[in-house]
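Scroll down for the structure; my scribbles are underneath it.
We did not get these values from a lab; they are worked out from the coordinates using the rules stated. Remember, predicted model here, so these are calculated numbers, not experimental data. Note: ideal-geometry Cβ built from the backbone for every residue, glycine included; neighbour counts use all protein chains shown.
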Amino acid sequence: MERPIIRTTIAAAFAVALLAACDSGDGKTLKDTVVPTTLPPPDTTPIESLPLDGTADPAGDSAPPIVPTEPVDGPMQLIGPWNDGTPIDGLYTCDGVDISPALSWLSVPDGAVDMAIVMVDDDAADVAAGEDPVAHWVIAGLDPESITLVEDDVPIGAIQATNSFGEVGWTGPCPPTGDGTHDYRFELHALAQQVELGDGVSASEILPYLEDLTIASAELTGTYDR
């Protein structure tokens, strides 16, 4: 019969203590803490992204400009392993391994169906007097989209003419000893149609043929002396 009385007394004491804790001592009763029952809505404000077209963003910054890696417009270019007008490496001559150099080209015009490369010695013949140019190399049937000709390589489908030395393919610079510096000219021809001549055709026959088909050209020169 004593347990109900003890429980009632404990409950009463707990209630008195709770009221005391809520009293600030100045006669005012503290408000109960309000516990939120819902979370605030998410922030759906859109995030501004950097422009991709080079225009300025609200902070005043801009995306870096897109710089082309090669000319989009402009004249066609022929590039070799030496600077234009400088000496040709002896590797490509009769004093070396005598192999054709690696070449590449840029800005081939639309409409080019075939490409050809010619190398002549400008100092070995008097072209102005009607002499045929001394051709060291004529190669045609090159793909305009390949833009590169590997050193000492003849791509599948390409043809090479018989040069002025009676050889099919490349014969490197070999001026007479003591004859002074010779100037060699490499010509790149973009052609309107495929070359329909066979391998081994003479240089004297194919050179005017290439001129008739050319829609754009580029040159690279080099020198050599012995």
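What the table below lists for this structure:
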| quantity | calculated |
| --- | --- |
| Subset of segment 186-214 (residues that are in contact with a Gly (Cβ under 9 Å, 6 or more places away or on another chain) and surrounded by 16 or more Cβ atoms within 10 Å (Cβ to Cβ)) | Phe186, Ala190, Val195 |
| Residues satisfying the stated conditions in segment 123-138, i.e. in contact (Cβ under 8 Å) with a residue 12 or more places away in the chain and either of a type outside the set (Phe, Trp, Tyr) or out of contact with any Gly (no Cβ under 8 Å at 6 or more places or on another chain) (or both) | Asp123, Ala124, Asp132, Pro133, Val134, Ala135, His136, Val138 |
| Any hit, segment 184-193, residues being of a type outside the set (S, T, N, Q) and in a loop (DSSP other than H, G, I, E, B) | yes |
| The lone exception for Glu219 - which of (1) touching a residue at least 12 places away in the same chain (Cβ under 8 Å); (2) surrounded by 15 or more Cβ atoms within 10 Å (Cβ to Cβ) it fails | (2) |
| Any chance Ile159 is touching a Leu at 6+ places or on another chain (Cβ under 9 Å), over 21 Å from Trp82 (Cα atoms) and in contact (Cβ under 8 Å) with a residue 40 or more places away in the chain | yes |
| Flag for Gly141 being under 21 Å from Ile206 (Cβ atoms), surrounded by 15 or more Cβ atoms within 10 Å (Cβ to Cβ) and in contact with a Gly (Cβ under 7 Å, 6 or more places away or on another chain) | yes |
